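Below is one structure, written out as structure tokens; comments come after it.
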Amino acid sequence: MGLEAHSLPASLPAGASDRPSAREPTRRTTELLPLAALADTIWGAVGVAGGLGCVIMLAWFIGRGHGDRDDEDAARDFYEAHGRWPDEDVT
């Protein structure tokens, strides 16, 4: 076994190797790029949905109004007018 055992196959030109160069994308890279783009799109959609959910929840809290405060103000007005709280029994 001399130099013939270590020589390149006949299909490759002299000086070439079967490894891809740094400039050529490997097959694995080209297969994973669409998956990475899809994952990025999904992650972006999750972020948008989360932000929209937060905005809707904030608007719901603001839209509920101040029912407790309004009830308290009405009770204070009743107290000023009648001298007793509305939930007290008249004796």
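The values are calculated or read from the model by the stated rules, or taken from the named source; none is laboratory data. A quick note: this is a predicted structure, and the numbers were derived from the prediction, not measured. Here Cβ is always computed from backbone atoms with ideal geometry, including for glycine, and neighbour counts include all displayed protein chains.
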Original post:
Quick one: what pairs do we get from region 76-88, first residue free of Cβ contacts under 8 Å to residues at least 40 places away in the same chain, second surrounded by 10 or more Cβ atoms within 10 Å (Cβ to Cβ) and hydroxyl-bearing (Ser, Thr, Tyr), C-beta under 8 Å, 6+ apart or different chains?
Top reply: Trp85/Tyr79; Pro86/Tyr79
Original post:
When Arg23 is evaluated against the numbered criteria (1) outside any helix (DSSP H, G or I); (2) modelled with pLDDT of 70 or more, which criterion, by number, is the only one it fails?
Top reply: (2)
**OP:** Output the residue which, of all residues in region 49-85 that are surrounded by 10 or more Cβ atoms within 10 Å (Cβ to Cβ) and not in a helix (DSSP H, G or I), is nearest to the chain's Cα centre (by Cα).
**Re:** Trp85
**OP:** Return only the number of the condition from (1) surrounded by 10 or more Cβ atoms within 10 Å (Cβ to Cβ); (2) at pLDDT below 85; (3) out of contact with any Ser or Thr (no Cβ under 6 Å at 6 or more places or on another chain); (4) part of a loop (DSSP other than H, G, I, E, B) that Glu31 does not satisfy.
**Re:** (4)
